[in-house]
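A short write-up of the structure that comes next.
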There are 2 protein chains.
Amino acid sequence: MKWKSRFASRTKQMRRSTIRELLKLTARPDMISFAGGLPAPELFPLEQMRRATECVLTQRGHAALQYGETEGVAELRDWLAARFSTKGIAVERANVLITTGAQQALDLIGRIFLDEGDAVIVENPTYLALLSAWRPWGVRFLPVISDASGMCVNELDPLFAQRPKLVYSVPNFQNPQGTTLGLEGRLRLLKLLRENDAVVVEDDPYGELRYEGEFLPHLFELDRGEGRVLHVGTFSKTIAPGLRLGWVIAPEEVIEKLVLAKQGADLHTSTFCQHVLYEMVREGLLEKRLPLLREAYQERRDAMLSALEEWFPRDASWTRPEGGMFLMVNLPANVDTAELLKLALQHKVAFVPGEEFHAAEGGRNTLRLNFSNSPPAVIEQGIQRLKTAVDELT
Amino acid sequence: MKWKSRFASRTKQMRRSTIRELLKLTARPDMISFAGGLPAPELFPLEQMRRATECVLTQRGHAALQYGETEGVAELRDWLAARFSTKGIAVERANVLITTGAQQALDLIGRIFLDEGDAVIVENPTYLALLSAWRPWGVRFLPVISDASGMCVNELDPLFAQRPKLVYSVPNFQNPQGTTLGLEGRLRLLKLLRENDAVVVEDDPYGELRYEGEFLPHLFELDRGEGRVLHVGTFSKTIAPGLRLGWVIAPEEVIEKLVLAKQGADLHTSTFCQHVLYEMVREGLLEKRLPLLREAYQERRDAMLSALEEWFPRDASWTRPEGGMFLMVNLPANVDTAELLKLALQHKVAFVPGEEFHAAEGGRNTLRLNFSNSPPAVIEQGIQRLKTAVDELT
């Protein structure tokens, strides 16, 4: 059978993810991996999961194993609605859609908004799997520089002239850089959205994981119900990715359209996972877990920053994230981090080359390091291995 | 905010599903619902789920709550590969993709194969959510009559002349009619696929639920590894829909492309659900459950057939499925079952009007009845209620 000629034209835009291939390699036990975006498994709430599952199967087993509404389990939607309601704006159940991970939220948003040729503003660099999700729609990515202060809002004006369908932003501890858009930048961005009648997708997987500085209001909160912000979140980083539970908070009209798209995509998200998760969060699991996660991840971030300081060459620089799971290293312009990766894997340490995250040219001399998945001593050792690889290449 | 003008053009092809809206109404406790395709919740394996979850969290908790490979959990893929291997053909792990329910399998197949304007042969009537999943791609559905003997294979020739990208078929106990394509029809279909260099998507959610007659080989098995059959299956009808676990078995080249599409869609299916399910099936849960399900559902089917015989007018007819969850009733040509539904809901009984399942005109005088979700006494009562509504309308 000749398959190639049978595939849809959009499949030409589907590319293998290097991260994904790396994840396979990094499963080897002697490998130190800074590659994935994995939470620390030793901090998973196993005992709470056990109790919650027991409770759900005993009390609501029939509902938890049956087909459910596409929108999600009502109690969980209400819990999220309450959590995102502020003095200024009441979020209702009808504003919440539960998705199969935040990735599905991004996919569904692409499905209902993006036509071929549409322009989309993205931070450069940005979340790799957003590019994979939206590229097959044939969109034009308009990259805006993202630096130590997050998205460079001052550079947006000429891009808005191209009438982008959506703006995509990870304002807190951005993936891959770990950098954050300040309050002033957020207000400026919202003002630009209003002036240009545009909409932003605010992707906030890491917002709860702040290790220093003050929590900043979401774009969603600052928008005060104007509807210019489609807010995407997930339990993957705060509870467990294996449950595949994310959400969108948006105006009802948008949720309704997302629901239609989700019906075709997977009917609904696992009712079992939703019920088990709801049982945990309604008992206050997040309030108990977040301090533990913040303490552990802060220690890991600090270990990585110290190790870089100690081992990395003077002509390298890196971001200093106030939260999240990643930081980004800039090596001298002549270093190709794709080449470096091959050497690094020989030294049993993995990372993701920065070029992957770029919608436009650039980033060939950068690399993303994850610090949440390894304890401090392993981080120290991994950075030493990486340094050896850097030395060999340069 | 004016949203309508912002939505992608494909959203015009997204329609609200009547079934889904009905499911909301039918949640009322005094309603007898023959509408959904729901398995019997009292037969869910709650105790086995409890034990399996306990075991998974104790022994493999870190893997079960972590991110996983897009392809699915290796042990579950191997289990499926072994199950679908026959003397003639060895199915390998690389031929298996785990999906978020079979619905996602259909969605992903649409994504990688269907371009705007492509022709797709579907049984008429056919599975409603297949139409919703593929309609937004702008495909042309070429309906082929499906009757008491399943897809009318003899009618396919002129349709193949339009060079369809895919053929979609539910050969066993088809949704919505409950009818089955015989062995001769299957062989004929495969011959036509070969002659016309075409590919069939074999959707088989109900195949294990046969209550009389002999099990027939899958199209996948009859194809003997030629690669003309993409086989889609699910644990939703045999274990529990709330886990959202389905699969595709296909040539490796197709699986690879589906994996790329799935990366963008939801990264991977819940590792927690996959591990819990694998723990159950590897201990032989299906072998224990299937006889129980078959016995219970056969009794329900028989109860529905008897009640129809007793209560329904002489000018009505219906299919007599040998398995599955549904049968279809034909009322006299002047009856509009959408109108009938309004009356029926007043009498507290629900069904799905047949027109919903038709890619082409027709079916306005038909209705789909589900018999798996109600015990025999309730079925008897529901059919009486429905008869009252029919009498009032005609």
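Read-outs throughout are calculated quantities, based only on the coordinates presented, and are distinct from any laboratory measurement. Given the structure is predicted, the values throughout are model-derived calculations rather than measurements. For neighbour counting, all protein chains shown are included, and Cβ atoms are generated from backbone atoms with ideal geometry for every residue, glycine included.
Expressed as a fraction of 2.2 N^0.38 Å, the rule-of-thumb size for a compact globular protein of N residues, what is the C-alpha radius of gyration of the stretch B:201-268?
1.27
I'm checking a number: the convex hull volume of the Cα atoms of the stretch B:338-394, normalised per residue, in Å³. What is it?
Cα convex hull per residue, to the nearest whole number: 72 Å³.
Write down the Å³ per residue value for the convex hull defined by the alpha carbon atoms of the stretch A:125-171.
Hull volume over Cα atoms, normalised by residue count, gives 73 Å³.
Rounded to the nearest 0.05, what FRET efficiency do B:Thr394 and A:Glu116 have when you use their Cβ-Cβ distance and R0 = 41 Å?
0.25
Taking a quarter of the surface of the convex hull around the Cα atoms of the stretch A:159-259, what do you get in nm²?
Dividing the Cα hull surface by four gives the mean projection, 7.4 nm².
What is the distance, in nm, between label points placed 7 Å from the Cα along the Cα-to-Cβ direction at B:Asp302 and at B:Ala94?
Label-label distance for B:Asp302 and B:Ala94, simple model: 4.9 nm.
Dimensions of chain A along principal axes (Cα, Å, largest first)?
In descending order, the Cα extents are 58, 58, 52 Å.
Give the dimensionless ratio obtained when the Cα radius of gyration of the stretch B:82-206 is divided by 2.2 N^0.38 Å.
Against the empirical 2.2 N^0.38 Å value, I get 1.05 for the stretch B:82-206.
Using only C-alpha positions, report the orientation-averaged shadow area of the convex hull of the stretch A:74-113, nm², one decimal.
3.3 nm²
To the nearest 0.05, what FRET efficiency results for A:Asp336 and A:Leu43 with a Förster distance of 22 Å applied to their C-beta separation?
E(calc), rounded to 0.05, equals 0.05.
What does the stretch A:33-79 give for Rg and for Dmax, in Å, if only its C-alpha atoms count?
That works out to 15.0, 41 Å for Rg and Dmax.
When 1/r is averaged over all different Cα pairs and the result inverted, which Kirkwood radius in Å belongs to the stretch A:270-346?
For the stretch A:270-346, inverting the mean 1/r across all distinct Cα pairs yields 15.9 Å.
Relative to the other copies, what are the label-point distances for B:Lys2, with labels 7 Å from Cα along the C-beta vector, expressed in nm at one decimal and sorted shortest first?
Here B:Lys2 shows inter-copy label distances of 4.9 nm.
Can you give the Rg to Rh ratio of the stretch B:7-117, both from alpha-carbon atoms, with Rh computed by the Kirkwood formula?
Expressed as Rg/Rh, it is 1.05.
State, to one decimal in nm, how far the label point of B:Leu290 lies from the label point of A:Asp157, with both points 7 Å from Cα in the Cβ direction.
If labels sit at B:Leu290 and A:Asp157, their model points lie 7.0 nm apart.
Using alpha-carbon positions, what is the distance between the centroids of the stretch B:339-394 and the stretch B:135-176, in Å?
Here the answer is 25 Å between Cα centres.
Under the convention of a label 7 Å out along Cα→Cβ, give the distances in nm from A:Asp157 to the same position in every other copy, shortest first.
Here A:Asp157 shows inter-copy label distances of 7.0 nm.
Run the reach check for A:Lys288 against lysines, Cα to Cα strictly under 25 Å, same-chain hits fewer than 8 apart removed. What comes back?
Partners found: A:Lys87, A:Lys237.
For a 27 Å ceiling on Cα separation, which of these pairs sit above it: A:Lys257/B:Lys348; B:Lys165/B:Lys262; A:Lys2/A:Lys262; A:Lys165/A:Lys262?
Over 27 Å apart, Cα to Cα: A:Lys257/B:Lys348; A:Lys2/A:Lys262.
Using a label position 7 Å from Cα in the Cα→Cβ direction, what is the ascending list of nm distances from A:Ser306 to the same site in the other copies?
7.7
Taking only DSSP H segments of four or more residues, each worth -39500 (n - 2.57), what value at 222 nm results for chain B once the sum is divided by all its residues, to the nearest 500 deg cm²/dmol?
-13000 deg cm²/dmol
Run through all the Cα pairs of the protein assembly as shown and give the fraction in each 10 Å bin from 0, expressed as whole percent.
Pair shares across the bins are 3, 14, 23, 25, 19, 10, 4, 1, 0, 0.
Could you give me the percent of Cα pairs per 10 Å distance bin for the stretch B:275-394, shortest bin first, beginning at zero and ending with the bin that holds the maximum distance?
13, 40, 26, 13, 7, 0
Can you work out the base-10 log of I(q)/I(0) for the stretch B:248-310 at q = 0.16, 0.21, 0.26 1/Å, using the Debye formula on its C-alpha atoms alone?
Rounded to two decimals, the profile gives -0.79, -0.90, -1.03.
Averaged over every viewing direction, what's the projected area of the C-alpha convex hull for the stretch B:207-351? Give it in nm², one decimal, please.
For the stretch B:207-351, averaging the hull's shadow over all directions gives 12.9 nm².
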